[in-house]
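Heads up, the thing below is written out as structure tokens.
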Amino acid sequence: MNIFRRLLESRFFVLAVKEISQILRNKQLIFLLVFPPTVQLLIFGFALSPSVDHLKLGVMDYSNTPMSRELTAALTANRVFDVKSMSIDESDLSNQVRRGDITAGLIIPTDFNRSLRSENNPAEVQVLIDAVDANTAGIASGYATQIINQFGQRFTPEVTPPIQTEATILYNPGLVSSWFIVPGVIGLVLNLGSSLVSTAAVVREKDTGTLEQLLMTPAAEWEIILAKVVPLFVLLLGEVMLALSVAHFIFQVPFRGSLPMFLFFSGLYACVGIGVGFLLATISKTQQQAILTSFFINLPLIQLSGAIAPVESMPKFFQILSLANPLRHYVKIARGVLLKGNGLDVLYPEAIALFCFAIALLYISTSKFRSQLN
Amino acid sequence: MKRILAQCKKELAQFRRDRLTLALAFILPLMTLFIFGFAIRLEAKNITLIVQDFDRSNLSQSYTERLYATNQFTPVQWNGLDPVKDGLDRGITKAAVIIPPKFNADVIAGRTSTVQVLIDGTDVNNARVIKNSLQAFTTVFVRDQNLAQSQPKITPHIRLWFNPGRQESLYIVPGVFGLILAIYPSLLAALAMSREKEQGTILQTYASSISAAELLLGKCLAYFVVAMGQAFVVIGLGCIVWRLGFAGDPTPLLIGGALFLLASVMFGLFIGVRANNRSVAVQGVATAGFLLALLLSGFIYPLSNIPFPLSLISNIVPARYFIELSRDAFVRGTGWSGVWIAPVMLLVLTFALFNLSRRILGRMQLPG
């Protein structure tokens with residue numbers, strides 16, 4: 001009881017209450033903490049979809065037999081391709097690919113039916129693929145080959161191939177794309193939220209001159225700083241919970257790991273973000289500078305985090321560089337905990353990295369801030 | 001006209017005086033160019049793979065060797081208790097291939113032998129690539145080893161157009177141009193507009209005889225000049241570094257590009273007119289600009305992947321049209337017949353943004 005009372009009467013508590021009421025009164029700040037993350041999660045989750053299906057297919061069927069039509073049907077069966085157009089000649093088809101109207105064009109020759117039934121020479125079909133989008137083209141050509149080969153097997157005597165592969169996909173068996181994107185976006189949201197809000201909290205005080213008033217109070221520096229950090233920290237954890245609920249209820253992203261551990265790591269990352277924000281605010285003279293420099297720092301942090309494009313696909317140099325990016329570690333933790341159900345035994349390298357970042361950034365930023373207070 | 005030019009000159013002078021903003025106006029786009037241009041690759045090369053060979057026969061060993069010889073997979077070592085499950089859990093390997101005992105014996109006896117493949121599905125795109133290429137590899141292996149009795153009845157000839165080597169930079173870099181030029185010119189314009197409101201200098205313009213349209217056009221002209229500078233630097237350097245050249249008629253890109261820069265600056269001014277201070281303006285540009293240009297423009301994944309209600313929004317995203325133009329100019333090379341709609345849409349969007357901002361500004365102005 002005594003400790004509780006002392007806390008209530010301490011200067012720290014008074015300052016923290018002031019900070020909280022300042023934040024709560026600031027409609028813009030609350031808006032910033034709630035609206036952008038939700039919208040970001042929704043749009044990222046829905047719009048960034050690497051799944052390749054419903055590709056537009058153009059067909060030029062010179063053969064025009066039940067067999068050739070069946071081949072077309074086989075290609076569209078799994079919704080990988082949708083027939084967009086039937087062409088009258090090859091130049092028409094190739095023009096459609098050229099204009100980008102269709103992604104793939106299938107040309108079935110006149111003697112298709114005959115070659116299928118003959119013993120010696122196989123039937124040949126041509127597939128044109130628009131490879132401007134290298135990734136889609138690769139997957140599309142893979143699918144096309146696979147489907148056409150399977151179709152061809154119908155005409156060979158019943159033999160199962162001597163070696164078969166049986167693929168099992170772990171952690172995300174349905175290959176739902178939002179399961180990949182959403183945990184990354186939680187990291188992104190937390191990063192932006194923490195650095196922007198903490199920058200704003202300090203810069204505004206500088207701009208309006210209330211920082212000097214704070215100095216006149218009898219409070220110690222650490223009390224001023226802690227009173228600034230703690231309410232932000234609590235708010236940011238609220239933001240994480242909000243993001244997690246969106247992930248869970250809207251995208252049905254599984255949560256396989258432990259929630260307390262995840263919140264602990266999120267708290268660590270919030271400290272990293274607050275540290276970055278404070279640092280930005282102390283080194284920049286005006287609000288405009290703070291805003292532009294935060295762009296300068298946050299952009300590469302996000303790009304090299306693996307939230308949008310996987311780190312493994314980056315060139316070696318960027319993979320190594322990204323080790324110095326705290327967000328990369330948080331994103332790995334988020335995916336590990338949510339999708340794989342990883343515990344500390346697996347995630348300890350990332351945990352140690354985040355811990356070091358948090359300590360270093362908080363130390364540097366608070367000592368800078370303190371030297372400004374003096 | 002004179003007043004528009006005067007406003008433009010004043011704006012440029014103000015922009016030049018602020019050293020840090022000037023520096024960031026050019027450094028930020030370049031930094032984005034290099035990071036995005038180099039680091040965004042969707043398809044993983046050197047996918048880590050563990051092979052657990054329970055057969056240890058000549059056949060299984062040559063299967064393993066050939067698998068690694070495809071250059072798509074790199075072997076990793078992990079000696080845990082359960083190397084496969086543990087390696088996947090820790091992310092040490094992306095996939096594991098388990099060759100069953102009696103692999104060789106089964107194949108020789110004419111029975112089907114099943115190779116187990118476990119794939120880490122966290123990265124959806126690459127999981128699919130890994131699955132397809134392992135299946136394709138096995139088919140090719142069977143054929144090469146003369147294990148299959150029958151010849152394929154259909155041979156598909158697949159021709160990849162425009163980018164036969166499937167270089168991802170050819171897809172990403174023209175898109176990065178669009179992303180950068182959608183964000184940074186708007187950011188600067190939004191800052192300039194909201195600064196006037198924040199510092200109250202806008203009241204002077206309200207009191208003066210300059211009209212809302214003139215004020216907007218002056219600012220727009222100034223930042224259009226800045227945006228042109230950014231475009232030349234970014235596109236020029238991008239073309240040199242990634243060896244991009246015009247694949248066809250460059251005029252759609254030149255005309256459409258200029259319209260796109262206008263649209264981008266107008267978008268910034270529109271946000272600036274709506275916002276009351278700079279941090280709100282920047283938030284607006286950052287959130288709206290980034291979300292729209294990054295996600296709803298077809299920059300990373302094709303536009304056709306965007307689901308229904310969101311796909312409607314993508315129709316009014318200027319970056320989308322510019323990315324179409326830029327990919328056509330640098331990779332496809334179709335020219336006007338393929339992309340004529342893009343400059344038209346950009347013109348319409350610029351007009352719409354200009355009119356919206358003019359109305360909002362005009363409403364706040366004193367009746368003159």
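Values in this text are rule-based calculations from the coordinates and carry no lab data. The structure presented is a predicted model; accordingly, all values stated were derived computationally and were not measured. Neighbour counts run over all protein chains shown; Cβ positions are idealised from the backbone, glycine included.
Measure nothing fancy, just the Cα-based angle from helix B:169-199's long axis to the longest principal axis of chain B, in degrees from 0 to 90, nearest 10.
Its long axis makes an angle of about 30 degrees.
On a full-extension model of 0.36 nm per residue, what is the gain between residue A:24 and residue A:119, subtracting their alpha-carbon distance, rounded to one decimal in nm? Walk me through the intermediate numbers first.
Values: separation 95, 0.36 × 95 = 34.20 nm, distance 7.98 nm.
Contour length minus Cα-Cα distance gives 26.2 nm.
Using the Cα centre of the protein assembly as shown as origin and beta-carbon charges of +1 (Lys, Arg) and -1 (Asp, Glu), tell me which of B:329, A:135, A:295 is placed farthest towards the positive end of the dipole.
Of B:329, A:135, A:295, it is A:295.
Restricting to Cα pairs below 8 Å that are 6+ residues apart, what does the relative contact order work out to for chain A? Please round to a whole percent.
19
Return the average number of partner chain Cβ atoms within 10 angstrom of each residue Cβ along peptide A:329-335.
The per-residue average across the peptide is 1.
Cα extents of the stretch B:259-368 along the three principal axes, largest first, in whole Å?
51, 26, 24
Just to be sure I understand the model, the point goes 7 Å from the Cα along the line to the Cβ. What's the resulting residue B:109 to residue A:249 distance in nm?
5.8
Could you give each residue of the stretch B:32-43 its phi-based ³J(HN,Hα) in whole Hz, using Karplus coefficients 6.51, -1.76, 1.60 with θ = phi - 60°, and x for Gly or Pro?
4, 4, 5, 5, 5, x, 8, 8, 8, 10, 8, 8
Can you give the extra length, in nm with one decimal, that the chain gains between residue A:324 and residue A:39 once fully stretched, where that is 0.36 nm per residue apart less the Cα-Cα distance?
Contour length minus Cα-Cα distance gives 99.8 nm.
Across peptide A:233-245, what mean number of C-beta atoms from other chains lies inside 10 Å of a residue's C-beta? Each step should come with its number before you reach the end.
Working: counts 0, 0, 0, 0, 0, 0, 0, 0, 0, 0, 0, 0, 0.
Across the residues of A:233-245, the mean count of other-chain Cβ atoms within 10 Å is 0.
Can you give the extra length, in nm with one decimal, that the chain gains between residue B:146 and residue B:71 once fully stretched, where that is 0.36 nm per residue apart less the Cα-Cα distance?
Values: separation 75, 0.36 × 75 = 27.00 nm, distance 2.26 nm.
Extending this stretch completely gives an extra 24.7 nm.
What lysines does residue A:368 reach when the alpha-carbon gap must be under 20 Å and sequence neighbours fewer than 8 apart in one chain are set aside?
Excluding near neighbours in sequence, the set is A:206, A:228, A:285.
Can you grab the distance from the C-alpha centre of the stretch A:61-132 to the C-alpha centre of the stretch A:286-359, Å, no decimals?
45
Between beta-carbons, use under 13 Å as the cut-off and find the net charge around residue A:275, counting Lys and Arg +1, Asp and Glu -1. Mind dumping the intermediate values first?
On the way: positive: A:228, A:368; negative: none.
Computed value for this residue: +2.
Modelled label-to-label distance, residue B:17 and residue A:74, 7 Å Cα→beta-carbon offset: nm?
7.4
Averaged over peptide A:48-59, how many Cβ atoms belonging to another chain are found within 10 Å of each residue's Cβ?
Working: counts 8, 9, 12, 5, 7, 2, 3, 2, 1, 0, 0, 0.
Per residue, the number of nearby Cβ atoms from other chains is 4 on average.
Run through the DSSP bridge list for chain A and note the antiparallel percent, rounded to the nearest 5. Mind showing how you got there, number by number?
Details: 4 of 14 bridges.
About 30 percent, rounded to the nearest 5.
Students often forget the sequence filter, so: which lysines lie under 24 Å Cα-Cα from residue A:56 once same-chain residues fewer than 8 apart are removed?
A:84, B:131
Normalising by the residue count of chain B, find the relative contact order in percent from Cα pairs under 8 Å and 6+ residues apart.
On the way: 465 pairs, mean separation 74.6, N = 368.
So the answer I get is 20 percent.
Under a straight-distance cross-link criterion of Cα-Cα below 18 Å, which lysines are reachable from residue A:340, leaving out those fewer than 8 residues away in the same chain?
A:332, B:85, B:94
May I ask you to order A:42-49, A:129-136, A:351-358 by the average number of other C-beta atoms within 10 Å around their residues, highest value first?
A:129-136, A:42-49, A:351-358
State which entries of B:197/B:219; A:18/B:197; B:45/B:153 exceed 24 angstrom in Cα-Cα distance in the structure shown.
Numbers: B:197/B:219 14 Å; A:18/B:197 29 Å; B:45/B:153 32 Å.
Table pairs above 24 Å Cα-Cα are A:18/B:197; B:45/B:153.
In chain A, which helices (entire DSSP H runs) extend 30 Å or more along their own long axis, judged by Cα positions, while averaging at least 0.0 on the Kyte-Doolittle scale?
Those that clear 30 Å and a mean of 0.0 are A:177-208, A:221-249, A:259-283, A:344-373.
So if we plug the beta-carbon distance of residue B:206 and residue A:360 into 1/(1 + (r/R0)^6) with R0 = 51 Å, what FRET efficiency do we get, rounded to 0.05?
About 0.55, to the nearest 0.05.
Per residue Cα convex hull volume for the stretch A:294-374, in cubic angstrom?
115
Which of B:72, B:145, B:230 ends up with the largest GNM mean-square fluctuation for chain B, with Cα atoms connected below 10 Å?
Of B:72, B:145, B:230, the Gaussian network model singles out B:145 as fluctuating most.
State, to one decimal in nm, how far the label point of residue B:315 lies from the label point of residue A:317, with both points 7 Å from Cα in the Cβ direction.
Spacing of the two 7 Å Cα→Cβ label points: 4.3 nm.
Connecting C-alpha atoms closer than 10 Å in a GNM of chain A, tell me which of A:274, A:163, A:20 has the biggest fluctuation.
In this elastic network of chain A, the residue with the biggest mean-square fluctuation among A:274, A:163, A:20 is A:163.
Taking the 0 to 90 degree range and rounding to the nearest ten, how far is the long axis of helix B:318-327 tilted relative to the main principal axis of chain B, both from C-alpha atoms?
Orientation of helix B:318-327: about 50 degrees from the principal axis.
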